[in-house]
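Computed from the coordinates by the stated procedures, all read-outs in this text should not be read as laboratory data. Because the structure is predicted, anything quoted here is derived from the model rather than measured. FYI the Cβ positions are ideal-geometry reconstructions off the backbone, even for glycines, and counts take in every protein chain you see.
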Amino acid sequence: MKKIAIIGAGPSGVYLAIKLIEANPKIDITIFDKSDPLITLLPTGNKRCNLTYKNDDNIEYAKFYPRGEKFLYSVFKRYSYLDTTEDFEKLGIKTYVQDDLRIFPETNSSSFVRDKLLNKIKNKVKFIKKEIKEPLDNYDYTVLATGLKSGCKLAEKYNIKTIELKPSLTGLKIKEKEFLNLAGVSFNNIIFTDNGVSGPYIYKLSSINAYKKFPYEIKLPLIDDIEKLKEEVKNNPKKQFRSVVSKFIPKSLANVIIKEEKQCANVKKTEIDTLAYLTLTATSTDNKGEIVHAGGVDLGEIDKNFKVKNKNIWVIGELLNIDGLTGGFNLQLCWSSAKIAADDIINKINSDI
Ligand SMILES: Cc1cc2nc3c(=O)[nH]c(=O)nc-3n(C[C@H](O)[C@H](O)[C@H](O)COP(=O)(O)OP(=O)(O)OC[C@H]3O[C@@H](n4cnc5c(N)ncnc54)[C@H](O)[C@@H]3O)c2cc1C
């Protein structure tokens, strides 16, 4: 019997074990983790586990990944969000789609998902609580599912090339001190923090700019309907400009942006146009909001089945140089890469007999 080692019992490693067992219940699997299995699943989606995202167009789906887009076209064709939700339902995890298309378990509980997934592999795999620091001998096939932080070092010990890690999906610190008193004030999916800006819009921006050198300018959408603001200004010539602007954005923010006291009659159209965006200077990432990293195992090292070329090693999940935006995309990468790698391992076992 061929022996399989999975290093990492996060979402990708555990899902891979489930898929292997479904294909062959007698398979010999050992999972190594320095911590308890699926601990990393617990905080996901604010403990609700945003396990995937609904979009039936695989090409559009891949666009939600600032790194890995082209590689993922064929991946989602073979195992999509729909395959995931169907398979989760078979595991006893019914899901629902939120208005914003993010998908959650009906129980809204990541610990429920954890229990269901672990239940499936209970007594069917060996679990060894141990940090793996050197390549393993004695296994026919090895899967690296370690996530990024310690995983890159281990991958390099297996002579697998990695791309430098950078924080992604983070808040950003800003240079402009006058905005730092606005902590908690929000607009357009952006929220001020005590050292900068955060929120879904900023996470996306930080992800797209993960490799950009600081400091850099960020242009944040401020007032969407500038024509309406122009109309209000025109219709209220005696009103303070700042108080009219406050109808469109939080008052405390308007107070910082519009420094000068002036009536609407004295405001030029070009001045109003500048309020479409708020331009700030990002000085560094604020790693408090950190969710994933850009970087990891170079995609040039693996084939379309997540197998390292010329080695009996597979790399899945966050350890890959693929990362998605917020919305369930990073977990979907775990499910898809795990399923495809599991199928490939099963094929390999059958052809190696
Ligand atoms: C707060 C937070 C919320 C998130 N929410 C969401 C969400 O709602 N939706 C979403 O799609 N994504 C979310 N993510 C991202 C998502 O959690 C990750 O993409 C996902 O956990 C990656 O899974 P993985 O199995 O590849 O790696 P990990 O989850 O990192 O698991 C790797 C496992 O390997 C173990 N390990 C590492 N190195 C070694 C070693 N050398 N030896 C032995 N064991 C080792 C670790 O202990 C760990 O258990 C969130 C992330 C965070 C931090």
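May I ask which residue of 264, 174, 190 lies farthest towards the positive end of the charge dipole of segment 171-288, with charges of +1 (Lys, Arg) and -1 (Asp, Glu) on Cβ and the Cα centre as origin?
Working it through, the farthest residue towards the positive pole turns out to be 264.
Could you tell me how many degrees, from 0 to 90 and to the nearest 10, lie between the Cα long axis of helix 110-121 and the main elongation axis, the longest principal axis, of the Cα atoms of the chain?
With rounding to tens, the tilt is 10 degrees.
I'd like the orientation of helix 226-235 relative to the chain: the angle between its Cα long axis and the longest Cα principal axis, in ° from 0 to 90, rounded to 10.
On a 0 to 90 degree scale, this one is about 20.
For the chain, what does -39500 (n - 2.57) per DSSP helix run (n ≥ 4), summed and divided by total residues, give at 222 nm, in deg cm²/dmol to the nearest 500?
On the way: 12 runs with 117 residues, N = 353.
Computed mean residue ellipticity for the chain: -9500 deg cm²/dmol.
Give the aspartates and glutamates reachable from residue 204 as a straight Cα distance under 18 Å; neighbours fewer than 8 places away on the same chain don't count.
Candidates past the 8-residue exclusion: 60, 69, 100, 217, 286, 290, 318, 323.
Which of the residue pairs 70/161; 149/348; 54/251; 2/129 have a Cα-Cα distance greater than 25 Å in the structure shown?
Too far apart for the 25 Å limit: 149/348; 54/251.
Tell me the volume per residue, in Å³, of the convex hull enclosing the alpha carbons of the chain. Show your work: numbers first, answer last.
Numbers: hull volume 50.6 nm³, N = 353.
Spelled out: Cα convex hull of the chain, divided by residues, is 143 Å³.
Any aspartates and glutamates with Cα under 12 Å of the residue 309 Cα? List them, leaving off those in the same chain fewer than 8 positions away.
Cross-link targets: 298, 301.
Need one word for segment 23-182: rounded, prolate or oblate. Basis is the Cα gyration tensor (sqrt eigenvalues a ≥ b ≥ c); a/c below 1.5 gives rounded, then a/b vs b/c decides.
Oblate, because a/c is 1.5 or more while a/b does not exceed b/c.
Normalising by the residue count of the chain, find the relative contact order in percent from Cα pairs under 8 Å and 6+ residues apart.
Contact order relative to length: 26 percent.
Just to confirm the number: angle between the C-alpha axis of helix 81-90 and the first principal axis of the chain, 0 to 90 degrees, nearest 10?
Its long axis makes an angle of about 60 degrees.
Which residue fluctuates most in the GNM of the chain (Cα springs below 10 Å): 261, 60, 156?
Its mean-square fluctuation being the largest, the pick is 261.
Take peptides 12-22, 308-318 and line them up by average Cβ neighbours within 10 Å, highest first, as a rough protection proxy.
Packing proxy ranking, top to bottom: 12-22, 308-318.
Each residue of segment 187-202 in turn: what ³J(HN,Hα) in whole Hz from Karplus with 6.51, -1.76, 1.60 and θ = phi - 60°, glycine and Pro shown as x?
Once rounded to whole Hz, the list reads 7, 6, 6, 10, 10, 6, 10, 6, 9, x, 10, 8, x, x, 4, 6.
Which ³J(HN,Hα) values, rounded to whole Hz and listed in residue order, are derived for segment 245-253 from phi using the Karplus coefficients 6.51, -1.76 and 1.60 in 6.51 cos²θ - 1.76 cosθ + 1.60 with θ = phi - 60°, glycine and proline given as x?
Rounded to whole hertz, the list is 4, 5, 6, 9, 9, x, 4, 4, 6.
Mind putting a number on the dipole of segment 171-288 about its Cα centre? Charges go on the C-beta only, +1 for Lys and Arg and -1 for Asp and Glu, and I need it in Debye to the nearest 20. Please report the intermediate quantities before stating the final value.
Working: 20 positive and 14 negative charges, 21 e Å.
For segment 171-288, the charge dipole is close to 100 debye.
Would you calculate the separation in nanometres between label points at residue 89 and residue 213, each defined as 7 Å from the Cα along the Cα-to-beta-carbon direction?
Those two pseudo-labels are separated by 5.2 nm.
If you take every DSSP beta bridge whose two residues both sit in the chain, what share of them, in percent to the nearest 5, is antiparallel?
65
Fewest first, what order do 194, 87, 286 take by the number of other Cβ atoms within 10 Å?
On the way: 194 11, 87 17, 286 22.
Final ranking by Cβ density, sparse to dense: 194, 87, 286.
Report the residue, chosen from 285, 142, 270, that carries the largest GNM mean-square fluctuation when the chain is represented by alpha-carbon nodes joined by springs under 10 Å.
Looking only at 285, 142, 270, the biggest GNM fluctuation is shown by 270.
Give me, ordered by chain and number, the residues 5 or more places off residue 294 or on other chains with an amide H under 5 Å from its own placed amide H.
Under 5 Å from the amide H of residue 294: 166, 168.
Order these by the 10 Å Cβ neighbour count, fewest first: 217, 131.
The most exposed by this proxy come first: 217, 131.
Sorted by average packing, counted as other Cβ atoms within 10 angstrom per residue and highest first, what order do 220-227, 67-74 take?
So the order, starting with the most tightly packed, is 67-74, 220-227.
Using each residue's phi in segment 93-100, evaluate 6.51 cos²θ - 1.76 cosθ + 1.60 at θ = phi - 60° and report the 3J(HN,Hα) Karplus result to the nearest Hz, with x for Gly and Pro.
With coefficients 6.51, -1.76 and 1.60, one gets 10, 6, 10, 9, 9, 6, 4, 8 Hz.
Find the centroid of the Cα atoms in segment 269-319 and in segment 186-201, then give the distance between the two in whole Å.
Comparing the Cα centres of segment 269-319 and segment 186-201, I get a distance of 19 Å.
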